[in-house]
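Colleague: Dropping the structure in here first, questions after.
The values are calculated or read from the model by the stated rules, or taken from the named source; none is laboratory data. Source: prediction; values computed, not measured. Here the Cβ positions follow ideal geometry from the backbone for every residue, glycine too, while neighbour counts run over all protein chains shown. Calculation scope for accessible area: heavy atoms of the full protein, side chains included, ligands and nucleic acids excluded. Shrake-Rupley method; radii C 1.70, N 1.55, O 1.52, S 1.80 Å.
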Protein chains: 2
Amino acid sequence: MDEQFSASKLLYSVATKAHTEAHRDLLGQYVKDEKIATSQQLECALAFLKGHPEVASGDAAFEKDCGVGVTVMDEEIAAAVAKAFEEDKAAIEEDRYQYNFGSMLGRLTKTDHIKWANPTKVKAELDKQTLAVLGPKTEADAQAGKKKKEKAKPAAKTEKVKKPSAAEVAMQKEAEQMAKMTEAAKAAMSTFLYKPRLCRIKQLLDDASKGVFPDENQECVVAGWIRTTRDQRAMVFVELNDGSGPTGLQIVLEPTNCPDLEEFKKLGAGYGACIEVTGKVVKSPAAGQLVEMQGTGVKLLGPVGDGYPLAKTALPLEVLRSYPHLRVRTNVMACVMRIRNVSSFAIHKFFQERHFQYVHTPILTSNDCEGAGECFTVSTLMGQADPDYSQDFFGAKSMLTVSGQLNVETYAAGLTNVYTFGPTFRAENSNTTRHLAEFWMVEPEVWFIDQKGLMDLAEDFLKYCISHVLKECQADLLYLDQYHQRAEEERPKDDDSRRNEGSLVERLMQIVSQPFGRVTYTEAIEILKKELQEGKATFVESNLQWGMDMASEHERYLAEQVFKKPVIVTDYPAEIKSFYMKQSECGKTVAGMDILVPTIGEIIGGSVREDNFDKLVALAKSKGMTDKDVESLSWYTDLRKYGSAPHGGFGLGFERLLLLCTGMLNIRDVIPFPRYPGNISC
Amino acid sequence: MDEQFSASKLLYSVATKAHTEAHRDLLGQYVKDEKIATSQQLECALAFLKGHPEVASGDAAFEKDCGVGVTVMDEEIAAAVAKAFEEDKAAIEEDRYQYNFGSMLGRLTKTDHIKWANPTKVKAELDKQTLAVLGPKTEADAQAGKKKKEKAKPAAKTEKVKKPSAAEVAMQKEAEQMAKMTEAAKAAMSTFLYKPRLCRIKQLLDDASKGVFPDENQECVVAGWIRTTRDQRAMVFVELNDGSGPTGLQIVLEPTNCPDLEEFKKLGAGYGACIEVTGKVVKSPAAGQLVEMQGTGVKLLGPVGDGYPLAKTALPLEVLRSYPHLRVRTNVMACVMRIRNVSSFAIHKFFQERHFQYVHTPILTSNDCEGAGECFTVSTLMGQADPDYSQDFFGAKSMLTVSGQLNVETYAAGLTNVYTFGPTFRAENSNTTRHLAEFWMVEPEVWFIDQKGLMDLAEDFLKYCISHVLKECQADLLYLDQYHQRAEEERPKDDDSRRNEGSLVERLMQIVSQPFGRVTYTEAIEILKKELQEGKATFVESNLQWGMDMASEHERYLAEQVFKKPVIVTDYPAEIKSFYMKQSECGKTVAGMDILVPTIGEIIGGSVREDNFDKLVALAKSKGMTDKDVESLSWYTDLRKYGSAPHGGFGLGFERLLLLCTGMLNIRDVIPFPRYPGNISC
């Protein structure tokens, strides 16, 4: 933070002090490149530019004059400070802490070579040597300081005292402020959640596994929810979880160390109670854990009242679904939600690293978009038998978006590469393990891309997100792996609903470690037909023919049995795809592209877009759109009239990705508050 | 990407090959810490663990045995490869490219010390020395390769040929694959948008300002929209913009270099047309620009048809608002939207760096939450005179959320620190420059935090976001600064609507460079009263008294005139704040906390939450909630029954932040598709 801070501060000076626009650009770039990193450098640069207004980037005289590329070694700083001390030795020894060190700092930061050093470092070295020479402040020093202040007042009035120059004062102030900012920034980062000494359990465990333990004289604070307690007369063991990871911290409470213990025991805090413990984190003598906390203080923050629905024994997922406001306190749901968090950030990181612009497409819309499903109507006219939508809030019938694609395309037509990531809605009455009424979609859209580029982008994207989860969520993935294995073992033999096969981590690795298969729709149908004919496959829908929409069983068979890895299917029949997909020469197929993955089926659907106005309108009409419908999409067709170009994009159902990454079997278990027919609790 | 990839690959091996859970944890941690970074190391580690199952993290013998901390210098690799070449010199010279280099690589990667090197590097060095020794492949080499393949077939059948061991093959395959992955990953990053040679203009300009120019023999491709064209007989100048930044690329087209030029000129492509240009990027001889492109090919991708509403002269923002699907093609809107993108990512970065979990709170809800405003109803029963909501899609009256706070609190009660960032809705009939019907909100919520911590968090958060924008959006901010200055100059004297005062960059710097003011509501009212009495301030609402809700004029006066910087106001009267805010001992005030900033007024509002069940319910009822209302919030009040603790959070209206960061005066200009009464276009 402090680095950002000082760069910003310099940019500010550039913006306000540069005399011409060219200078502003030039200096701004030097600051951005960190070639100009101190105000001293900037001042010299500004002075140089006054005399040489035409200077170009990279000019050697200019760079020399403002110290670009000069490195000042710590030893050089130390030597310079020592020299300054030596020069004024008598005065320092006499005035001690009343000596004007500020002025000394000002002089130092004007000295040849040393002036290019980070002023914070010079200040720190000066403080260090002061302490070494004078020792800590004594009572006498403090008294002397007061006296000097009193004396200083009238002196200031007569303006006789030799004051440091304004520049020196400013410089010193800056050095002090920067030193403070650094400390503040550091403190903010290490003091978790802005509460002194509070530590996260995951951090403690991670540190311990690296052999790092808190200072043994330092007391830490942890706070969280009790998972288990064991009262063994002499001592009480508590396993505490704070939601930072699946593994809790073992806390040992002994009456000799922890005076609160007796009182705490009386309160009978058990599973789910929220407590705060102060103590020392030490290497654990017990097997299976690296650290434990020896509590010196324990406080019950929130007891558990009657009727707490989460029992100590694990509840089935179906039951947990009735408590959407509490279920994240179980390990399985917390793991899923941490993976959801990491996946979300991976999505942003992937696109930001590639300079895609995040566009918030609207949730409220007057378009039924692609006719992708039934829409929810949004209105302030409920209860009217024959509502006049022109009188409604927006003056038109309004719905919840089913996809941000059409909107985001308009932004690609100006920014080139964009993505949207937000909630979308379907009012379909589907009570399945794969559908939600409210779910999140990721939809990138890129101008100047072709089908091959689109496939590469989609494949890289999926691999990136899964790699990120593999890297960041190790403990959560391993916990879920065990959870699923247990669930499979306990599952009745006659339950033939969807199963988790093999290890979750292994399935994810298979996806990131090999190139995806690529096949056209026409080839895919031929493959499926052949498998059927040869008796290798059986399908519920066994009437396989070109032009059909593949069902989930076909998609999964292709990925799981034929390719044994994700496969990209391209060039679908125009009839079964949306009107905006780019048509082939013959008009029979479109440049669509779906990615099918094992256990899930379709996870990504996309296409190159039709960028020819006439073809687009013709296909829209052939799909049943009226002239009025087409007219209402004129803003979308406009893109083909004004500066169009080949472009494309795809959509990823975020919860589908999470089913894949978590191994959960029901989509209602990978979103915090699932919405489906008949359910809108919390 | 390749780093992530190889770590994932190792984790996979750990998950599948470790014999016990403890080993899996141990090895997983070594991989995560990058102490085990090659499969060679992992294999040694697994072998060691077989003999020493009880080994703990940090064990010296273990780490020595699997090469933890060993660095292999490039020179050492080069020497080892040279030695291997020397040893088999005769065979290499005879077999040339048919020599089994794979086997040599396998041997090398088993050699002492060198076995700890990155296999990709060893492979690269081997390839380099091969080329140095043998020169490029000749026709004869290619022929020999074919012959060998033919010969190899029967040989393979009889299994007599000495093959490299399975481990050697695997190792070589991995080395090759990793080398390929690295190349592929590099290619994907440098080939913008998965189209070969396509460059982004901002990248070219940024590189040039650092003195980096593309290889002079290399042709680049740029694509975008024409800003200006100048036909000067001998040559045509085109300024092209691709949305990557406010500055375009100058393209010089000369008939001698560019055979397409004549054809292109006939097409009359002008402002807004989409073109693709191939050419060389060179230092520009012209003033005011560092580079230009000398086009060798130009292609019109999309002409501009009749009726293109964006004229070359800048349209006023009000007019641009009628074209939400086109306005991002103007510089001013593109700058705003790029800042929106950077701000969004800054929000995620801030919270992710502090280990907050991103929670997607629901958009559809059956709660009116805090009664913060009127709600939009969502239904599938439109047109029914007396709708029976139990028959509606969700079986209950459903609305669009006005805030994710209550929902996100339930997740803080399990994960400790969380945030939500998503769209929220208000059906208020407000036609102002500050209100939207659909807007985005950021709402962090933290368990175990107090009021001081909350203020520190909010202040750090705001400063972080603004610093990030200052650092990442320099060109955009400077463009907007000029834009606003021009707008102020051209503005009629009698127009007294809200103004931009001073430089945008300067305003932002003032916010990040000093601590925010902090004052209680009671003190704030006293200050305002005094300013009014002393004739320093005039207010429309001049009846200032304790208990009133401050208006925007009061908030802005405090920030702009009194503190001259952002100020945090705390401890508001309970009566004017929501039921969930923590009550003071006396019950008169609540631990609320609002941040007021110059030019905007309130930008953040938050509080510590009431964590006492009885107090919460009592205040809810005193605010007019019925027993039934309270009952419908039982999921929220449950949090106070089961493992409660002090906690708090705040909300930031994202578009308010953007008004601040962009200097725009109308909130409709900082969101891609604004929704307000009477408007839902696109």
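Colleague: I want the local charge near A:F394. Using Cβ-Cβ distances under 11 Å, sum +1 for each Lys or Arg and -1 for each Asp or Glu among the other residues.
Modeller: Working: positive: A:K397, B:R675; negative: A:D392, B:E438.
Summing Lys and Arg as +1 and Asp and Glu as -1 gives 0.
Colleague: Right, next: Are there any GluC sites (Glu not before Pro) in the stretch A:397-504 that are in a DSSP loop and have at most 14 other Cβ atoms within 10 Å? List them by number. Intermediate values should be presented prior to the final figure.
Modeller: On the way: sites: A:E409, A:E428, A:E438, A:E445, A:E459, A:E472, A:E488, A:E489, A:E490, A:E501; in loops: A:E428, A:E501.
Sparse-neighbourhood loop GluC sites (Glu not before Pro): A:E501.
Colleague: Per residue of the stretch B:444-460, in order, report the coupling 6.51 cos²θ - 1.76 cosθ + 1.60 (Karplus, θ = phi - 60°) as ³J(HN,Hα) in whole Hz, putting x for Gly and Pro.
Modeller: x, 9, 10, 7, 6, 10, 10, 4, 4, x, 5, 5, 4, 4, 5, 5, 4
Colleague: Same structure again: How many square angstrom of accessible surface are buried between B and A, both sides summed, with a 1.4 Å probe and rounding to 100? The partial results should precede the final answer.
Modeller: Working: alone 36170 and 36200 Å², together 58790 Å².
Interface between B and A: roughly 13600 Å².
Colleague: For the stretch A:56-90, list whatever residues lose no less than 20 Å² of accessible surface once every protein chain is in place, relative to that chain by itself, with the probe at 1.4 Å.
Modeller: Correct list: A:S57.
Colleague: Carbon and sulfur atoms: what percent of the 1.4 Å accessible area of the stretch B:201-308 do they account for?
Modeller: On the way: 2440 of 5130 Å².
The value for the stretch B:201-308 is 48 percent carbon and sulfur by accessible area.
Colleague: How much net charge surrounds A:Q561 when only other residues with a Cβ under 9 Å from its Cβ are counted (Lys, Arg +1; Asp, Glu -1)?
Modeller: Working: positive: A:K536, A:R556, A:K564; negative: A:E531, A:E560.
Within the 9 Å Cβ shell, the charges total +1.
Colleague: If the label point is 7 Å along Cα→Cβ of B:F213, which residues in the stretch A:7-27 have backbone nitrogen under 20 Å from it?
Modeller: Flagged as within label range: A:26.
Colleague: Please list the non-local residues whose amide H lies under 5 Å from the amide H of B:W440, H modeled 1.01 Å from N, same-chain partners needing a gap of 5 or more.
Modeller: Those lying under 5 Å, H to H, from B:W440 are B:T424, B:F654, B:E655.
Colleague: Quickly estimate the mean residue ellipticity at 222 nm for chain B, helices only: each DSSP H run with n ≥ 4 gives -39500 (n - 2.57), and the total goes over all residues, rounded to 500.
Modeller: Working: 24 runs with 287 residues, N = 682.
Dividing the helical sum by the residues of chain B leaves -13000 deg cm²/dmol.
Colleague: Pairs of alpha-carbon atoms within less than 8 angstrom and 6+ residues apart define the contacts here; what relative contact order does chain A have, in percent?
Modeller: Values: 990 pairs, mean separation 61.8, N = 682.
It rounds to 9 percent for chain A.
Colleague: Quick one: what are the phi-derived ³J(HN,Hα) couplings along the stretch A:399-415, Karplus 6.51/-1.76/1.60 with θ = phi - 60°, whole Hz, x for glycine and proline?
Modeller: Each residue of the stretch A:399-415 in turn: 9, 8, 4, 9, 5, x, 4, 4, 5, 6, 4, 5, 7, 5, 6, x, 9 Hz.
Colleague: Would you work out what percent of the accessible area of the stretch B:7-65, with all protein chains in place, is carbon or sulfur (probe 1.4 Å)?
Modeller: Details: 1440 of 2820 Å².
Using a 1.4 Å probe with all protein chains present, the stretch B:7-65 comes out at 51 percent carbon and sulfur.
Colleague: Further question on the same structure: Of the cross-linked pairs A:K83/B:K471; A:K9/B:K564; B:K64/B:K349; A:K89/A:K115; A:K565/A:K621; A:K195/B:K623, which ones have a Cα-Cα span greater than 29 Å in the structure shown? Display every interim value, and only then the final one.
Modeller: Numbers: A:K83/B:K471 38 Å; A:K9/B:K564 18 Å; B:K64/B:K349 38 Å; A:K89/A:K115 22 Å; A:K565/A:K621 38 Å; A:K195/B:K623 32 Å.
In this structure, A:K83/B:K471; B:K64/B:K349; A:K565/A:K621; A:K195/B:K623 exceed 29 Å between Cα atoms.
Colleague: Further question on the same structure: Run through all the Cα pairs of the protein assembly as shown and give the fraction in each 10 Å bin from 0, expressed as whole percent.
Modeller: 1, 7, 13, 19, 21, 18, 12, 5, 2, 0, 0
Colleague: Now for a separate question. Can you work out ³J(HN,Hα) from phi for every residue in the stretch A:674-679, in order, using Karplus 6.51 cos²θ - 1.76 cosθ + 1.60 and θ = phi - 60°, giving whole Hz and x for Gly and Pro?
Modeller: With the stated coefficients, the stretch A:674-679 comes to x, 10, 8, x, x, 10 Hz.
Colleague: Another one. Convert 10 °C to kelvin, take the viscosity as 1.306 mPa s, use the Kirkwood radius over C-alpha pairs of the stretch A:7-65 as Rh, and evaluate the Stokes-Einstein diffusion coefficient in µm²/s, rounded to a whole number.
Modeller: On the way: Rh = 11.0 Å.
The calculation lands on 144 µm²/s.
Colleague: Between copies, how far does the label point of B:L131 sit from its twins, in nm, shortest first, when each point is 7 Å from Cα along Cα→Cβ?
Modeller: 5.4
Colleague: So what is the accessible area of chain A per residue, in Å², with the probe set to 1.4 Å? Intermediate results must be reported in sequence, preceding the final value.
Modeller: Details: 29410 Å² over 682 residues.
That works out to 43 Å² for each residue.
Colleague: Another question, if that's okay. So between B:E490 and B:E76, what do we pick up on full extension, going 0.36 nm a residue minus the alpha carbon distance?
Modeller: On the way: separation 414, 0.36 × 414 = 149.04 nm, distance 6.86 nm.
Between B:E490 and B:E76, full extension yields 142.2 nm more.
Colleague: Next question, about the same structure. So, in the stretch A:201-308, how many Lys pairs have Cα atoms under 14 Å apart, if the pair is 8 or more places apart or on different chains? List each step's numbers first, then the result.
Modeller: Working: A:K202/A:K210; A:K210/A:K283; A:K265/A:K299; A:K266/A:K299.
Final tally of qualifying lysine pairs is 4.
Colleague: Another question, if that's okay. Along Cα→Cβ, 7 Å out, is where each label goes; now give me the distance between the ones at A:K588 and B:E523 in nm to one decimal.
Modeller: Between A:K588 and B:E523, the label points sit 7.9 nm apart.
Colleague: Putting +1 on Lys and Arg Cβ atoms and -1 on Asp and Glu Cβ atoms, find which of A:H435, A:Q510, A:N118 reaches farthest to the positive end of the dipole of chain A.
Modeller: Ranked along the dipole, the leading option is A:N118.
Colleague: Given the rotation relating A and B, tell me which residue in A puts its Cβ closest to the axis and the distance in Å.
Modeller: A:A385, 2
Colleague: Return the inverse of the average 1/r over all pairs of distinct C-alpha atoms in chain A, which is the Kirkwood hydrodynamic radius, in Å to one decimal. Intermediate results must be reported in sequence, preceding the final value.
Modeller: Working: mean 1/r = 0.0318 Å⁻¹.
Hydrodynamic radius (Kirkwood, Cα only) of chain A equals 31.4 Å.
Colleague: A follow-up question, please. If you place +1 on the Cβ of every Lys and Arg, -1 on the Cβ of every Asp and Glu, and leave all else neutral, what size is the dipole of the stretch B:201-308 about its Cα centre, to the nearest 20 Debye? Spell out each step's value before the answer.
Modeller: Details: 10 positive and 15 negative charges, 50 e Å.
That gives a dipole near 240 debye.
Colleague: Still on this structure: Round to the nearest 0.05 the FRET efficiency obtained for B:E139 and B:E93 when R0 = 22 Å and r is the Cβ-Cβ distance. Display every interim value, and only then the final one.
Modeller: Numbers: r = 18 Å, r/R0 = 0.83.
Here the calculated transfer efficiency is 0.75.
Colleague: What's the local net charge at A:K128, with K and R +1, D and E -1, over the other residues with C-beta under 12 Å away?
Modeller: -1
Colleague: Something else: Can you tell which of B:Y30, B:L10, B:F48 lies farthest toward the positive end of the dipole of the stretch B:7-65, using +1 and -1 charges on the Cβ of basic and acidic side chains (Lys, Arg; Asp, Glu)?
Modeller: Ranked along the dipole, the leading option is B:L10.
Colleague: So the label point sits 7 Å from Cα along the Cα-to-Cβ vector; using that for A:G268, what distances do you get to the other copies, in nanometres, sorted shortest first?
Modeller: 9.0
Colleague: Here's another thing I want to ask about it. Calculated FRET efficiency, A:T228 and A:R498, Cβ-Cβ r, R0 41 Å, to nearest 0.05? Walk me through the intermediate numbers first.
Modeller: Working: r = 33 Å, r/R0 = 0.80.
So, using R0 = 41 Å, E works out to roughly 0.80.
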